[in-house]
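**Q** To start, I am sharing the structure in question, which I have written as structure tokens.
The values are calculated or read from the model by the stated rules, or taken from the named source; none is laboratory data. Keep in mind the model is a prediction, meaning the values are calculated, not measured. Backbone-built Cβ (ideal geometry, glycine too); neighbour counts: all protein chains shown.
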Amino acid sequence: MIRIPVENDLEMRLVEEEHAEELCSVVQENFEHLSEWMQWAVEGYSIAHTRSFIELSRRQFAKGETMNLLIFEAGKIIGGSGLNFIDRVNRGTEIGYWLDRPRNGRGIVTKCCRALIEYAFKDLDMHRIVIRCATGNLKSRAIPERLSFTEEGTLRESEWLHTKFVSLVVYSMLRPEWEVGKR
């Protein structure tokens, strides 16, 4: 099992079937908060949705296509992060993340992303990491900006979010930029 330590009682772990009940509960408790920006947070979200997500995540991980992680604080699930669309040929990936509402504003996602960036560049030998955020999701956009990602541009109305199209801002970081920042 993959575990990525972040700090003290904060870590990320590969999503497993044993997490289904707790994960579903966290999503349901945060449904209104999550559905504002997450496509997968749909009306009637249930344990069946969670189990399907876990099964798909494990299959994709086995093929090296994604790495979906859960964020744990003091042993409890408080959110998710991961590497989406792992492209081994071009050595690129995309980071995604979400967090339960009560823990917003504490720097948790920034810390998790920093650890995930290091893992992707060092352990997976990636060259490029992308983060895409809805233009209106200012809290999410603050993460790549805080981490010194470069804003590349906007994909106009490129994602269907429940009832409307939203535009996405694309941010990226290249391995040489990260290496310079590590000094």
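**Q** Tell me yes or no: at least one residue of segment 131-153 is within 19 Å of Met12 (Cα to Cα), of a type in the set (Val, Ile, Thr) and either in contact (Cβ under 8 Å) with a residue 12 or more places away in the chain or touching a Pro at 6+ places or on another chain (Cβ under 7 Å) (or both).
**A** Yes, segment 131-153 has at least one match.
**Q** Now for a different question. Failed condition for Ile47, given (1) crowded, with 20+ Cβ neighbours inside 10 Å; (2) touching a Cys at 6+ places or on another chain (Cβ under 7 Å), with all others met?
**A** With respect to (1) crowded, with 20+ Cβ neighbours inside 10 Å; (2) touching a Cys at 6+ places or on another chain (Cβ under 7 Å), Ile47 is out only on (1).
**Q** For segment 22-39, what are the residues that are touching a residue at least 12 places away in the same chain (Cβ under 8 Å) and exposed (fewer than 13 other Cβ atoms within 10 Å of the Cβ)?
**A** Across segment 22-39, the qualifying residue is only Gln39.
**Q** Out of curiosity, is Tyr97 out of contact with any Lys or Arg (no Cβ under 7 Å at 6 or more places or on another chain), crowded, with 20+ Cβ neighbours inside 10 Å and at pLDDT 95 or above?
**A** When the stated conditions are applied, Tyr97 passes them.
**Q** Only residues in segment 91-108 that are basic (Lys, Arg) count as the first member; pair them with residues that are exposed (fewer than 13 other Cβ atoms within 10 Å of the Cβ), Cβ under 7 angstrom, at least 6 apart or cross-chain, and list the lot.
**A** Arg91/Asp125
**Q** Given (1) out of contact with any strand residue (DSSP E or B) (no Cβ under 6 Å at 6 or more places or on another chain); (2) within 29 Å of Tyr171 (Cβ to Cβ); (3) of a type in the set (Gly, Ala, Ser), where does Ala48 come up short, assuming only one miss?
**A** Only one criterion in (1) out of contact with any strand residue (DSSP E or B) (no Cβ under 6 Å at 6 or more places or on another chain); (2) within 29 Å of Tyr171 (Cβ to Cβ); (3) of a type in the set (Gly, Ala, Ser) is unmet by Ala48, namely (2).
**Q** Of the residues Gly64, Gly80, Gly96, Gly105, which is part of a loop (DSSP other than H, G, I, E, B), in contact with a strand residue (DSSP E or B) (Cβ under 7 Å, 6 or more places away or on another chain), within 28 Å of Met173 (Cβ to Cβ) and small (Gly, Ala, Ser)?
**A** Of Gly64, Gly80, Gly96, Gly105, the one residue that is part of a loop (DSSP other than H, G, I, E, B), in contact with a strand residue (DSSP E or B) (Cβ under 7 Å, 6 or more places away or on another chain), within 28 Å of Met173 (Cβ to Cβ) and small (Gly, Ala, Ser) is Gly64.
**Q** Looking at Ile71, Ile54, which one is surrounded by 16 or more Cβ atoms within 10 Å (Cβ to Cβ), in contact (Cβ under 8 Å) with a residue 40 or more places away in the chain and closer than 28 Å to Asp125 by Cα?
**A** Exactly one of Ile71, Ile54 is surrounded by 16 or more Cβ atoms within 10 Å (Cβ to Cβ), in contact (Cβ under 8 Å) with a residue 40 or more places away in the chain and closer than 28 Å to Asp125 by Cα, namely Ile71.
**Q** I would also like to ask the following. Filter segment 140-183 for residues that are assigned to a helix (DSSP H, G or I) and either among the hydroxyl-bearing types (Ser, Thr, Tyr) or closer than 18 Å to Lys122 by Cα (or both) and give the result.
**A** Ser140, Arg175, Pro176, Glu177, Trp178, Glu179, Val180, Gly181, Lys182
**Q** Oh, and also: Quick check: is even one residue across segment 39-60 out of contact with any Ser or Thr (no Cβ under 8 Å at 6 or more places or on another chain), hydroxyl-bearing (Ser, Thr, Tyr) and part of a loop (DSSP other than H, G, I, E, B)?
**A** yes
**Q** When the residues of segment 13-54 are filtered to those that are within 21 Å of Leu83 (Cα to Cα), in contact with a helix residue (DSSP H, G or I) (Cβ under 6 Å, 6 or more places away or on another chain) and among the hydrophobic types (A, V, I, L, M, F, W, C), which remaining residue is modelled with the lowest pLDDT?
**A** Looking at residues that are within 21 Å of Leu83 (Cα to Cα), in contact with a helix residue (DSSP H, G or I) (Cβ under 6 Å, 6 or more places away or on another chain) and among the hydrophobic types (A, V, I, L, M, F, W, C), I get Ala41.
**Q** Right, something else. Given the options Val180, Val130, name the one that is β-branched (Val, Ile, Thr), out of contact with any helix residue (DSSP H, G or I) (no Cβ under 7 Å at 6 or more places or on another chain) and under 14 Å from Gly92 (Cα atoms).
**A** Checking each option against the conditions leaves just Val130.
**Q** So, one more: Take His33 and tell me if it is within 16 Å of the chain's Cα centre (by Cα) and either assigned to a helix (DSSP H, G or I) or closer than 20 Å to Glu94 by Cα (or both).
**A** yes
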